[in-house]
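Chemist: Sending over a structure as structure tokens; questions will come in a sec.
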Amino acid sequence: MSLVNLAHVCSHMQNASKARLGLTSIPVSKMHVNIALGLQREGFLSSVTLGGPTPPQPFLLQKQPDPEEMDEMAETLQKEPWHAYPVEAEKQGKSVNWTERVLGKEQVHDVSVPENPARRRLWLGLKYWQNEPVLRNMKLISKPTRRIWLTSEDLGKITRTRESSYVKGLTHPGECMFITTDRGILEARECVERRLGGMALFRVWS
Amino acid sequence: MSVCRPARCLFAKATCTTLPKAAPQRSFQTSASRQGRKRRPHYPSIKADDLKLLNEAAEVEYPKYDTTETSLLSKKYTPSQIAAIKAAESAIDTRDVLTQGQQRTDPWLLPYEDDMAEVDPVTDNRPRLTPDDIPGKKTFRLANDVERDEAISRIANENLAKMYPDGIPEGALDAATEQRLQDSFEAALTQATLDPRATYTSRNPAALEALADPRHSAVMPDLPRLENRMARQTRRLSTEEEEDPRQKRLLQYLGWDKQKLRSIRVKTLVSHSVTNQTRMGKIRSLYYLTIAGNQDGLLGVGEGKSVEPEEGRKQSIMSAIRNMRPVPRHENRTTFGDLERKVGATKVQLFARPPGFGLRTQHLIFELARAAGLQDLAAKTPRSRNKMNVIKATWEALTSQKLPDEIARARGKKLVDVRKVYYGGSVH
């Protein structure tokens, strides 16, 4: 697990948001994917797509369902809301997806991912709110030459804006910190909830 | 030969002798010598004719008492008083009064010519009475309820009679008169309730009257109000002060009234002189940086520069008030999280702190925080500490804070302040 690549990602995200880019790409690795998904879960990113050297088709250019179809679906769901939870049913030896039959087929956009893993990129959609980037600062905490492991007690202090184990507290409003644990890459507050410790990766705030 | 010689001596001028000349007098002052000055008499010489004319004019202006007047005086005054009046009259030369005396005609002249019938609070000492002037016993006691109500109604009637000497208007009244009547009823009752005669009672009516008599009061009376046309015109009310055109424009711009403008705390934090080098020479002017805040979440910074010091200061104050922007405050006391701002080579870091921490910052940031109404704050200026840039950076940091609600909205998260639930909403 190289933190050098993560450092590059951090710098790249800051530069991209300064340049007000809508979509940017980072190299693919398991850690990067998990980090991107974590950032998306925290609302810093609008989309995470695996793709090739060319950017994937933007959402607005993808084929959208008709508004009438959407209305129909909404009406059906209001009457029979249980269709929102898809259930596979057996009928005459065949599996039938009732949801698809009632609500219509879901539109899936296939993105062309190169066979060669070296040519794959992770495309991230950046967010902006009132002309300001949602993700403005992204900084490494552990460095390639100095890893920092934090216990859940440390993380409790840090999330309460106090300094612990030479890591400054999360004092900026809405600041997040990502930790790599044996249960995957998690946000610091989630780690505190689940009483997990791990290696601090980076902090991110706007 | 020897005969001639004395003859020549005889005819020769004295100046030709070998006697030394008197040394020229040194003048010790620049003014002309006494001889050089034209001698003027200390008093203008008055010709006899003019004097006669003057005497006549004085006679006309200030005539002597004639017999009818003395007979009138004798009716009013005792012979000794008349003698005193006559002595006083003769002591003053009417001619002098005419030539040197001045009759004041300005609107501020005091009414000295007075028949002494009334006490004028401006020119006269106030009349005072001592306890010895009260006849009879001087004891009084607290009135019971019945006596009190009785006294109040009596005093209120007296007060009303003073307000309406011609009697209370009766019959159908228009709204304004009715309102005035109601007001005066109320005023009379209030005065009567506050009157000491209502609270205390006494067997001796004179002692009771003395309680409300201003001549017995130890309190100095209010300053008299000059009821004069000129005084009315020149009297300045606090609301109609001198109008500064710039202030007027500012008030129009803000949509405020003067009362609100007066509540703004203004302080000039930086002032120094700057020079503009032109080919004609240096032009020095003064630079001012002023902050303005209402101590309740509004803060502005303004700059001004002018050759005239007062002008530059005014400029900076006006621009500071015009530039006021809201400062978001957490719980009305501190900032939302830590802030950082860089202006030029100056970096200012502001840190939110718990309640009761105080403003532990350098003086410039302290002044800004006080004007904005912040109470708990710590700050660092790790780089340059240029005064102007520190103020600007702090102001920008405080006014461009990101609110948690905004951040949550930007990230698509739901944010709930649980303290509003737990503490019944009794938080800021």
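Chemist: Report the dimensions of segment A:1-113 along its three principal axes from the alpha-carbon atoms, largest first, rounded to Å.
Modeler: Result, largest extent first: 56, 33, 27 Å.
Chemist: Can you give the longest stretch of chain B with no exposed loop site, where a site means chymotrypsin sites (Phe, Trp or Tyr not before Pro) in a DSSP loop (not H, G, I, E or B) with at most 16 other C-beta atoms within 10 Å? Numbers along the way, then the final one.
Modeler: On the way: sites that count: B:F28, B:Y65, B:Y77, B:W108, B:Y112, B:W256, B:F357, B:Y423.
Longest stretch, sites excluded: B:113-255.
Chemist: Please give the FRET efficiency for A:M1 paired with A:F59, using the beta carbon to beta carbon distance and R0 = 25 Å, rounded to the nearest 0.05.
Modeler: Values: r = 32 Å, r/R0 = 1.28.
For A:M1 and A:F59, the calculated efficiency is 0.20.
Chemist: Do any trypsin sites (Lys or Arg not before Pro) in segment A:2-84 lie in a DSSP loop with no more than 16 other beta carbon atoms within 10 Å, and if so, which? Don't skip to the answer; put the middle values down first.
Modeler: Working: sites: A:K18, A:R20, A:K30, A:R41, A:K63, A:K79; in loops: A:R20, A:K63.
Hits after loop and neighbour filter: A:R20, A:K63.
Chemist: Right, something else. Using the charge dipole of the protein assembly as shown (Lys, Arg: +1 at Cβ; Asp, Glu: -1 at Cβ; taken about the Cα centre), state which of B:A210, A:G125, B:L142 has its Cα farthest towards the positive end.
Modeler: A:G125
Chemist: May I ask you to compute the full-extension gain from B:L53 to B:D244, defined as 0.36 nm times their residue separation minus their alpha-carbon distance, rounded to one decimal in nm?
Modeler: Working: separation 191, 0.36 × 191 = 68.76 nm, distance 5.67 nm.
Answer, rounded to one decimal: 63.1 nm.
Chemist: I would also like to ask the following. Give me, ordered by chain and number, the residues 5 or more places off B:K347 or on other chains with an amide H under 5 Å from its own placed amide H.
Modeler: Under 5 Å from the amide H of B:K347 lie the amide H atoms of B:R383, B:S384, each far enough along the sequence or on another chain.
Chemist: Follow-up. Determine the gain in length on full extension of the stretch B:R265-B:L72; use 0.36 nm per residue of separation and subtract their C-alpha separation, reporting nm with one decimal. Provide the component values of the computation, followed by the final result.
Modeler: Working: separation 193, 0.36 × 193 = 69.48 nm, distance 6.95 nm.
Between B:R265 and B:L72, full extension yields an extra 62.5 nm.
Chemist: With a 1.4 Å probe and all protein chains kept in place, how much accessible area does B:S90 have, in Å² rounded to the nearest 10?
Modeler: Looks like 90 Å² after rounding.
Chemist: Would you please state which residues of segment B:263-287 a label at B:V307 would reach in this model, taking the label point 7 Å out along Cα→Cβ and a backbone N cut-off of under 15 Å?
Modeler: Under cut-off, by backbone N: B:274-287.
Chemist: Let me ask something additional. Take B:H216, project a point 7 Å from its Cα along the Cβ direction, then tell me which residues of segment B:137-166 have their backbone nitrogen under 15 Å from it.
Modeler: Only B:137-143 pass the distance filter.
Chemist: Right, here's the next one. Suppose R0 equals 56 Å; then what is the FRET efficiency for B:V274 and B:R203 from their Cβ-Cβ distance, rounded to the nearest 0.05?
Modeler: Details: r = 82 Å, r/R0 = 1.47.
Efficiency at R0 = 56 Å is approximately 0.10.
Chemist: At a cut-off of 40 Å², which residues of segment A:151-199 become less accessible once all protein chains are present than in their chain alone, using a 1.4 Å probe?
Modeler: Checking the loss per residue gives A:T171, A:P173.
Chemist: Rg and Dmax of chain A, using alpha carbons, in Å: what are they?
Modeler: 21.0, 65
Chemist: What whole-number value in Å² describes the accessible area per residue of the protein assembly as shown for a 1.4 Å probe? Spell out each step's value before the answer.
Modeler: Details: 44830 Å² over 634 residues.
I get 71 Å² per residue for the protein assembly as shown.
Chemist: Another question, then. Label A:K143 and A:E115 with points 7 Å out from Cα along Cα→Cβ: what is the distance between them in nm?
Modeler: The answer from the label model is 4.4 nm.
Chemist: Ok, one more. Among the GluC sites (Glu not before Pro) within segment B:60-159, which fall in a DSSP loop and have no more than 14 other Cβ atoms within 10 Å of their own Cβ? Write out the running numbers ahead of the final one.
Modeler: On the way: sites: B:E61, B:E69, B:E89, B:E113, B:E118, B:E147, B:E150, B:E158; in loops: B:E113, B:E118.
Here the GluC sites (Glu not before Pro) that fit, given the DSSP loop and packing criteria, are B:E113, B:E118.
Chemist: Also, I was wondering about something else. Using the Karplus curve 6.51 cos²θ - 1.76 cosθ + 1.60 with θ = phi - 60°, work out ³J(HN,Hα) for each residue of segment A:166-175 in order, rounded to whole Hz, and write x for Gly and Pro.
Modeler: With coefficients 6.51, -1.76 and 1.60, one gets 6, 10, 5, x, 8, 8, 6, x, x, 7 Hz.
Chemist: Between B:N125 and B:A161, what's the calculated FRET efficiency when r is the beta-carbon distance and R0 is 45 Å? Round to 0.05. Kindly include the intermediate steps, with their values, before the conclusion.
Modeler: Values: r = 29 Å, r/R0 = 0.65.
Efficiency, rounded to the nearest 0.05: 0.95.
Chemist: Compute, for chain B, the length of the dipole vector about the Cα centre, with Cβ point charges of +1 (Lys, Arg) and -1 (Asp, Glu) only. Units Debye, rounded to 20. Each step should come with its number before you reach the end.
Modeler: On the way: 71 positive and 55 negative charges, 1029 e Å.
Here chain B has a charge dipole of around 4940 debye.
Chemist: Between A:T151 and A:R20, what is 0.36 nm times their sequence separation minus the Cα-Cα distance? Round to one decimal in nm. If you can, show how the numbers build up before the last one.
Modeler: Working: separation 131, 0.36 × 131 = 47.16 nm, distance 3.65 nm.
My answer for the length gained is 43.5 nm.
Chemist: May I pose another question? With a point put 7 Å past each Cα toward its Cβ, work out how far B:S384 is from B:E147 in nm, to one decimal.
Modeler: 8.3
Chemist: Counting each pair of different Cα atoms once, what's the Kirkwood radius of chain B in Å, rounded to one decimal?
Modeler: Numbers: mean 1/r = 0.0295 Å⁻¹.
This gives a value of 33.9 Å.
Chemist: What's the whole-number percent of alpha carbon pairs in the protein assembly as shown lying beyond 43 angstrom? Before the final figure, lay out each step's value.
Modeler: Details: 130010 of 200661 pairs.
Value for the protein assembly as shown (Cα pairs over 43 Å): 65 percent.
Chemist: According to the Kirkwood expression over distinct Cα-Cα pairs, how big is the hydrodynamic radius of segment B:161-237, in Å? Show your work: numbers first, answer last.
Modeler: Numbers: mean 1/r = 0.0614 Å⁻¹.
After inverting the mean inverse Cα-Cα distance, the result is 16.3 Å.
Chemist: Still on this structure, I have one more. Need one number: buried accessible surface between chains B and A, 1.4 Å probe, both sides summed, DNA, RNA and ligands left out, in Å² to 100.
Modeler: So the total buried area for this chain pair works out to about 1200 Å².
Chemist: If eta is 1.002 mPa s and T is 20 °C, what Stokes-Einstein diffusion coefficient results for segment B:65-209, Kirkwood Rh from Cα pairs, in µm²/s? Can you show the working numbers first?
Modeler: Values: Rh = 21.3 Å.
Translational D for this selection: 101 µm²/s.
Chemist: Next up: Amide H to amide H, which residues 5 or more places from A:T161 or on other chains are under 5 Å from it, using H placed in the peptide plane?
Modeler: Correct list: A:L170.
Chemist: Hydropathy at least -1.0 by Kyte-Doolittle, axial extent at least 15 angstrom from the Cα trace: which helices of chain B, defined as entire DSSP H runs, fit? Don't jump to the answer; show the numbers that get you there.
Modeler: On the way: long enough: B:48-61 (20 Å, -0.28); B:79-91 (18 Å, 0.30); B:145-163 (27 Å, -0.73); B:175-194 (28 Å, -0.26); B:309-322 (20 Å, -1.02); B:387-399 (18 Å, 0.07).
Helices passing the filter in chain B: B:48-61, B:79-91, B:145-163, B:175-194, B:387-399.
The values are calculated or read from the model by the stated rules, or taken from the named source; none is laboratory data. Treat the numbers as computed from the prediction; the structure is a model and nothing was measured. Cβ atoms come from the backbone with ideal geometry, glycine included; neighbour counts cover every protein chain shown. Note: accessible area is taken over every heavy atom of the protein model, side chains too, but ligands, DNA and RNA are not part of it. Shrake-Rupley method; radii C 1.70, N 1.55, O 1.52, S 1.80 Å.
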